[in-house]
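Visitor: I'd like to ask some things about the structure below.
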Amino acid sequence: MVIGKPLPRKDARLKVKGEAQYIYDLSFPDEHFLAVVRSPHAHARIKKIKIDNEKAKQLGATIGTAKEIPGKNIVHVILDDWPLLAENVVRHVGEPVAIVVAKNPKNAKKAISAVHVEYEKLPELFDPTEAKDHSSIHIYGDNNIVSYWQQRKGDINKGFEEADIIVEGEYRTPAQEHAYIETQGCIAVPLGHDEITVYGSMQCPFYVQRAVADILGYPWSKVTIIQTTTGGAFGGKEDQPNQLASLVALGAYLTRKPVKYILSREEDIENTSKRHPAIIRMKTGASKDGVLTAVQVEHLMNSGAYATLTPAVLYRGCLHAVGPYRCPNVDVQSYAIATNLVPFGAFRGFGSPQVLFACEEQMDRIAAELNIDPIEFRERNLIKQGDTASFGQIIDNSVGMLETLKQAKKKSDWENKWKPAPDFNYVMEESKRGNYKWSGIGISTIFYGVGLGSAGKQLSRTGSYVQLEPDGSVRFAVGTTEIGQGMITVLSQIVASELGINYSKVNMMPVDTSRVPDSGPTVASRATTFSGRSLQNACQQIRSLMFEIIAPHLESDSCNLQIEGNYIISTSSEKKILVEDAIEIMYQERGQVAKAGWDVAPPTDYDNEKGQGNPYAIYAWCSNIAEVEVDTQTGTVLIKNIWAAHDVGRAINPQTLKGQIEGGTLQGVGYGRYEEIIFTPEGGILSNNLGTYLVPTTKDTPNIQSIIVEDPWKSGPYGAKGIGEQPLMGIAPAITNAIYNAIGVRISEIPATPERVWQAIQDKLQEEPE
Amino acid sequence: MKIEIIVNGVVYREETSPDQRLLDFLRDDLGLKGTKKGCDQGECGACSVLLNGKVVNSCLILMAQVPERSEIETIESSDSLILSLQESFIENGAAQCGACTPGMIMASSALLREKPDANLNEIREGLSGVICRCTGYQKIFDAIKDTQRGLVQK
Ligand code: FES
Ligand code: FES
């Protein structure tokens, strides 16, 4: 059985040998280079654009502004508010105003100065609280509200009346940069006057296809997008390549040359999307025996200057705000507000890490006030099979929540390690005596709605293509992408298992929009699950073709044939044949040897008026336990161990799965402890390189113990339900809860940098004089 | 300027300019594109190569700083330690997106040459100049420990 085995990754050899070709490794004959003229202002009116033609000519540069766009000047994502090149107003620092194309990168950069843009500065807004319903400064619509979602259940006032204890808090989370090691880039290659191919580092080639077709006004069938080996994405290459590919496509259209644009690290950090910063106010009520009675959330997400993916990100944030708990009375109000910062977008977890941080802090605070072990408190409230979630959905299958908690508790030795947080005054007194180092342990329990859910339902279909080759090998294609997560490997295992062909003989074709129909994006941990289902559909059709031809050879009826290992076996005649030999016969008899597969995700629905529905088809569950050591003198937090237990339905490849857990967990450590984009007062980005934007190194990584729980999803391929995002989502609160457990101080803003922890200690000293 | 250097055991006599970066010399002039990059500023370590046995960020080294007849090793090398690290990275699933992998393997080879029995703390120290955003480093540590044990045959 090939399913469940830690088979080596299909793409590993190319990568370890340095032979994988990333976008910056590719070049085309006579390729030209693109540079972008960007706005230096956060908010300004463009009064005039003057081109110094003499200078442009000297540098051999072609210049394009909004006027030169042959199609629509809109980069389509969700709300169609994002221009490719600003026409009248610029709304964030770095917004593209013009492109410049020249024979070499140096000349392209120099030619930027041939474009003179005259601006008139406008008042700017960076704080979403201030921007919401602003009377005069309008960045989006007439109230700057880009998106609104809500959850409502029961009677919130009654819920608080019934509570014996109410905890209120305000939480803040930062903009987080993806910091994929390969920066973004694209190359557009024109073919004749109305056809184009774009190569690039990306997650969602079909998004890019539409964006480029719209910008150039070409038919979609003449726009082909080819994904190159992608050096990390994490959501950062979801919508951004729409813009970058459109820029190079415009350059190629204007010059009729292949046009390349590879972002420098600074350009990438300054101008591409990041995780939305958020402010979350949360009020939670519980009975004295630790049962939730009410949860109220006011949730404000900073959308930045354009909507891009914000409505979808906010949807997920809103629906994850109550956490994996039963609660009879719920009121979640989620708003995304436009400001004059770079547009924020998708990042692993997609709006949920922000609210889950708040939610898990609140849960921990209630447990502490009620003097209950935080695990026990969670156990009393966690969703079990058959329970109704806060948004009204009955959760009826694949609910491994409690099992993840049990395993994490056991493996971490929680029973022996956890004791209530020490009294803060005691900690301070001991610190004065020189005992600065304090150990603590903390927990978070979270859930994740797998797939696009109801907000992205129209995109939730996947195509595939499977073709048998005369030598008994097989090639397949899908429309979702390998971005480092291991999709090629896992899908190859599925095809190998479905057709009885050796894993080594199954190969995936590069992702190219001309191979399969629009299969939606590679996001929301959906690639394995939904391309997997589509491939199962294709393979099932191929099996029928195969059985029909082979049946007479096995003196059997085709309905009595099945695949076992590498054989086709007849249950009636008990004869068998190697699949490889069967394929040869298929070719000899001129049988059809290829099929397209199709899958439509199971139904979802959500009624935002009522704040209730069935927002996702299935949920994944996770418990994280973190062990830390806090230095009260410096505020430094050392994260020693993390136990991350995940219910993934089924581990198709435990090795790549653990790789996802470990990598996501460390990004969560970054989010909770280190990473924060610092903006300048003018709305630019100060921390614009990897020397000032710090991501965890080998020295910062804790020991990460990944624990796999398998509670199969009845509709998933072999029971699988995805793993991409969950590992990051609950790490920050596990860390801050462990900090509390160590020194008795709550951290309500992440990352928990030494400065912030130290400040929290000082604030608490102020508030509780000895 | 003309320079004679030995890359992966092969002697090259090439025309270069003193301000060309070693990274570009390797990738563009010699066509050795296995050396990757992620920042061009000495911060990510993706461009790590060995210059006379020491691991350096090739994006920070100018050709003027490369002594005549220097020995350079890159991910394209067929050195046995590098080969066994590569196998071990495959076996352990230590490469995900792969953008850091050549640099990580070069830094690992320098570390193991200097300290074949490096313990986990020394490994953490030795690799801290190469950022990996995908793996959480655990499988990279495993791959190095496996190489140390000589468990994986090339
Ligand atoms: S590219 Fe040289 S250190 Fe990043
Ligand atoms: S494998 Fe992606 S950065 Fe290391």
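The values are calculated or read from the model by the stated rules, or taken from the named source; none is laboratory data. A quick note: this is a predicted structure, and the numbers were derived from the prediction, not measured. Positions of Cβ are backbone-derived with ideal geometry, glycine not excepted, and every protein chain shown enters the neighbour counts. Side chains included, ligands, DNA and RNA excluded: accessible areas come from the protein's heavy atoms. Shrake-Rupley method; radii C 1.70, N 1.55, O 1.52, S 1.80 Å.
Visitor: Return the whole-Å distance between the Cα centroid of region A:240-286 and the Cα centroid of region A:81-113.
Guide: 14 Å
Visitor: In µm²/s, what is D for region A:461-600 at 37 °C and 0.692 mPa s, where D = kT/(6 pi eta Rh) by Stokes-Einstein and Rh is the Kirkwood radius from Cα pairs?
Guide: 216 µm²/s
Visitor: Chains A and B: buried accessible surface, both sides, probe 1.4 Å, rounded to 100 Å²?
Guide: In total, chains A and B hide about 3800 Å² from solvent.
Visitor: Please calculate how many Å² of accessible area region B:80-149 carries per residue, with a 1.4 Å probe and no DNA, RNA or ligand atoms counted.
Guide: Result: 29 Å² of accessible area for each residue.
Visitor: Could I ask something else about it? From the alpha carbon gyration tensor of region A:621-770, can you work out the equivalent ellipsoid semi-axes (sqrt of 5 times each eigenvalue) and give them in Å, largest to smallest?
Guide: They are 32, 19, 13 Å, listed from largest to smallest.
Visitor: Let me ask something additional. Taking every DSSP beta bridge with both residues inside region A:273-366, roughly what % is antiparallel (nearest 5)?
Guide: Details: 9 of 19 bridges.
Within region A:273-366, antiparallel bridges account for around 45 percent of the total.
Visitor: Same structure again: Pop out the carbon and sulfur fraction of the accessible area of region B:80-149 as a percent, whole number, probe 1.4 Å. Show your work: numbers first, answer last.
Guide: Numbers: 860 of 2020 Å².
After summing per-atom areas, the C and S share lands at 42 percent.
Visitor: Would you calculate, for chain A, the mean residue ellipticity at 222 nm contributed by helices, counting each DSSP H stretch of 4 or more residues as -39,500 (n - 2.57) and dividing by all residues, to the nearest 500?
Guide: -8500 deg cm²/dmol
Visitor: Ignoring ligands, DNA and RNA, please state the percent of accessible area on region A:226-298 from carbon and sulfur, probe 1.4 Å.
Guide: Whole-percent figure for carbon plus sulfur exposure: 49.
Visitor: Of the listed pairs A:Lys410/B:Lys145; A:Lys406/B:Lys115; A:Lys109/A:Lys257; A:Lys417/B:Lys139; A:Lys257/A:Lys457; A:Lys67/A:Lys237, which have alpha-carbon separations greater than 29 Å here? Don't skip to the answer; put the middle values down first.
Guide: Working: A:Lys410/B:Lys145 27 Å; A:Lys406/B:Lys115 41 Å; A:Lys109/A:Lys257 18 Å; A:Lys417/B:Lys139 27 Å; A:Lys257/A:Lys457 38 Å; A:Lys67/A:Lys237 27 Å.
Result: A:Lys406/B:Lys115; A:Lys257/A:Lys457 exceed 29 Å.
Visitor: Let me ask another. May I ask for the percentage of alpha-carbon pairs in chain B that lie more than 18 Å from each other?
Guide: Values: 6398 of 11781 pairs.
Looking at chain B, the distances longer than 18 Å represent 54 percent of pairs.
Visitor: Rolling a 1.4 Å sphere over the protein heavy atoms, what is the accessible area per residue of chain A, to the nearest Å²?
Guide: Spelled out: the 1.4 Å probe surface of chain A, per residue, equals 34 Å².
Visitor: List the equivalent ellipsoid semi-axes of region B:80-149 in whole Å, largest first, each obtained as the square root of 5λ for an eigenvalue λ of the Cα gyration tensor.
Guide: Details: eigenvalues 51, 35, 23 Å².
Rounded to whole Å, the semi-axes are 16, 13, 11.
Visitor: Could you work out Rg/(2.2 N^0.38 Å) for the protein assembly as shown, with Rg from alpha carbons only?
Guide: 0.95
Visitor: Select from region A:634-668 all residues whose loss of accessible area on going from the chain by itself to the full protein assembly reaches 50 Å² or more (probe 1.4 Å).
Guide: Those are A:Gln655, A:Glu662, which lose 50 Å² or more relative to the chain on its own.
Visitor: Let me ask another. Sort out for me the Cα centre separation of region B:14-33 from region A:176-217, rounded to whole Å.
Guide: A separation of 29 Å, based on Cα centres.
Visitor: Still on this structure: So, in nm, how far is label B:Ser78 from label A:Glu415 when the simple model puts each one 7 Å beyond its Cα toward the Cβ?
Guide: 5.7 nm
Visitor: Need one number: nm distance between label points at B:Asn52 and B:Asn119, each 7 Å from Cα along Cα→Cβ, rounded to one decimal.
Guide: 3.3 nm
Visitor: Still on this model: Along the three principal axes, how long is region A:373-532 when you take its alpha carbons, biggest first, rounded to the nearest angstrom?
Guide: Principal-axis extents of region A:373-532 (Cα, largest first): 76, 40, 28 Å.
Visitor: Take the alpha-carbon positions of region A:651-739, form their convex hull, and give its projected area averaged over all directions (one quarter of the hull surface) in nm².
Guide: Projected area, direction-averaged: 8.3 nm².
Visitor: Within region A:89-117, find all residues whose amide N lies under 18 Å from a label point positioned 7 Å from the Cα of A:Lys47 along Cα-to-beta-carbon.
Guide: Only A:89-91, A:115-117 fall inside the zone, counting backbone N under 18 Å.
Visitor: In region A:723-760, whose amide N lies under 14 Å from the spot 7 Å out along Cα-to-Cβ of A:Thr634? List them in ranges.
Guide: A:753-758
Visitor: Right, another one. Under 8 Å for C-alpha pairs, at least 6 residues apart: give me the relative contact order for chain A, rounded to a whole percent. Display every interim value, and only then the final one.
Guide: Details: 2013 pairs, mean separation 122.4, N = 770.
Normalised by residue count, the contact order of chain A is 16 percent.
Visitor: Separate question: Counting pairs of Cα atoms in region B:2-73, how many percent are more than 17 Å apart?
Guide: 32 percent
Visitor: With θ set to phi - 60°, apply the Karplus curve 6.51 cos²θ - 1.76 cosθ + 1.60 along region B:75-82 and write out the HN-Hα couplings as whole Hz, x wherever there is a Gly or Pro.
Guide: 4, 7, 4, 10, 4, 5, 5, 5
Visitor: Only bridges whose two residues both fall in chain A count here: according to DSSP, what percent of them are antiparallel, nearest 5? All intermediate terms of the calculation are to be shown ahead of the outcome.
Guide: Numbers: 104 of 133 bridges.
Antiparallel bridges make up about 80 percent of those DSSP assigns within chain A.
Visitor: Normalised by the number of residues in chain B, what is the relative contact order in percent for Cα pairs under 8 Å and 6+ residues apart? Mind dumping the intermediate values first?
Guide: Details: 270 pairs, mean separation 37.8, N = 154.
It comes to 25 percent, rounded to a whole number.
Visitor: Now a separate question. Compute accessible area for region A:675-700 by itself and then with all protein chains, 1.4 Å probe, and report residues whose area falls by 50 Å² or more.
Guide: Buried-area filter returns A:Leu690, A:Thr698, A:Lys699.
Visitor: Measure off, as a whole percent, the carbon and sulfur share of the 1.4 Å-probe accessible area of region A:461-600, all protein chains present.
Guide: Its accessible area is 45 percent carbon and sulfur atoms.
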